[in-house]
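**Student:** This structure is in structure tokens; I'll ask about it shortly.
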Amino acid sequence: MGLKINAQLPLPADLKAEYPLSDNIVKIKKKRDREIRDIFTGNSDKFVVIVGPCSADNEDAVCEYVNRLAVLNEKVSDRLMIIPRIYTNKPRTTGEGYKGMLHQPDPDQAPDLLAGIIAIRKMHIRAIEESGLTAADEMLYPENRSYLDDILSYEAVGARSVENQQHRLTASGMNIPVGMKNPTSGDFSVMLNSVVAAQSSHTFIYRGMDVTTDGNDLAHVILRGGVDKYGTCIPNYHYEDLVRVLDAYEQRELHNPAVIVDANHSNSNKQFREQIRIVSEVLHSRNYNSGLKRLVKGVMIESYLEEGCQKISENRIYGKSITDPCLGWADTERLICRIAEEC
């Protein structure tokens, strides 16, 4: 048989009991969830900035980064809602490479899923305790989100997962905003169909149970660019692209139309410093068109303590990405301050 059982993982309820949330964390999350909901429903005009490493690979570095965000947040919280990216699951195009802390809590060691689920829960809890900021993560594995569903304030469904039925149906049972990325092809109809599915009620099998969801009225789209059949990156953050999404939303009966623009990935062709220019263009488009100002709720930025990326080795630089390249802290701080001034 080609399947080997390595370990029996704990039930989410048991892990949560072992690593519980303090009353203060519960209070922080409730407050931030309410503020974020107000943005996506149009009751607040704050602009969302989802920012952080491509993948969370080191608890100390991630928490230091989030603590810096918390200090910056004190300066811009009247205009911005900063949501740290603490992405603990990393999709891999070919299946090879570092898959995130869920798989390898220590990138130098072999995969250990049991240690991984403990490590990511402890890291998310520590980040909130120290910074007061609840975070975003990617729903790479729908059933695994049960280990973090009491912690997260935002989730994203990636370009390789957005057509998957289980991802769409699981998203329909969330009570926080979930961003559905356009697929790697860049197809808008697939992306919008995923929002329709996520906003609808469904009955399906989830973790061995027969469940029914209410539908998630905060499901929305994330534009991350696409790749054509020749492997060329096709960005979709330009004014014409945003207008096209606005028109597509108006043709569908969907709750709370919203767009988050991912400034990296195929929008930047992974040229990480281009994120600065891309965000500036998105803000200009919003300020030029009142419809887009209501539609585009925020941006997603890949950033870490040190700019660029590095390979996994014995001499790794602390706070530098081991997956996609990221902006460094100095550029990130300047960019967030500029966003606060212009949005």
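Coordinate-derived values only; no laboratory data. Given the structure is predicted, the values throughout are model-derived calculations rather than measurements. Please note: Cβ atoms are built from the backbone with ideal geometry, for glycine as well, and neighbour counts cover all protein chains shown.
**Student:** Can you put L140, L11 in order, fewest other beta carbons within 10 Å first?
**Tutor:** L11, L140
**Student:** What is the extension gain from E74 to D106, computed as 0.36 nm multiplied by their sequence separation minus the C-alpha to C-alpha distance, in nm to one decimal?
**Tutor:** Gain in length upon complete extension: 8.3 nm.
**Student:** Normalised by the residues of region 153-268, what does the relative contact order come to in percent, with Cα pairs under 8 Å and at least six apart?
**Tutor:** The value is 25 percent.
**Student:** Let me ask something additional. What value in Å³ per residue do you get for the convex hull of the alpha-carbon atoms in region 266-336?
**Tutor:** 83
**Student:** DSSP beta bridges in region 153-268, what fraction antiparallel, as a percent rounded to 5?
**Tutor:** Restricted to region 153-268, the bridges split so that about 40 percent are antiparallel.
**Student:** While we're looking at this one, here's another question. Per DSSP H run of n ≥ 4, the term is -39500 (n - 2.57); total these for the chain, divide by its residue number, and report the mean residue ellipticity at 222 nm rounded to 500 deg cm²/dmol.
**Tutor:** -12000 deg cm²/dmol
**Student:** Right, another one. Choose one of Y249, A219, G186: the residue whose Cα lies farthest towards the positive end of the charge dipole of region 153-268 (beta-carbon charges +1 Lys, Arg; -1 Asp, Glu; about the Cα centre).
**Tutor:** G186
**Student:** Let's test the formula: R0 of 41 Å, r as the Cβ-Cβ distance of N287 and K311. What FRET efficiency results, to the nearest 0.05?
**Tutor:** 0.50
**Student:** Could I ask something else about it? State the Cα centre-to-centre distance between region 249-304 and region 202-232 in whole Å.
**Tutor:** With region 249-304 and region 202-232 each reduced to a Cα centre, they are spaced 19 Å.
**Student:** Scanning the chain for helices, which whole DSSP H stretches are 24 Å or more long along the axis (Cα) and average 0.5 or more by Kyte-Doolittle?
**Tutor:** The qualifying helices are 113-131.
**Student:** Report the extension gain between E341 and E35 in nm, rounded to one decimal, defined as 0.36 nm multiplied by the number of residues separating them, less their alpha carbon distance.
**Tutor:** 108.1 nm
**Student:** Right, here's the next one. If packing is taken as the average count of other Cβ atoms within 10 Å, what order do 181-193, 299-311 fall into, highest mean first?
**Tutor:** 299-311, 181-193
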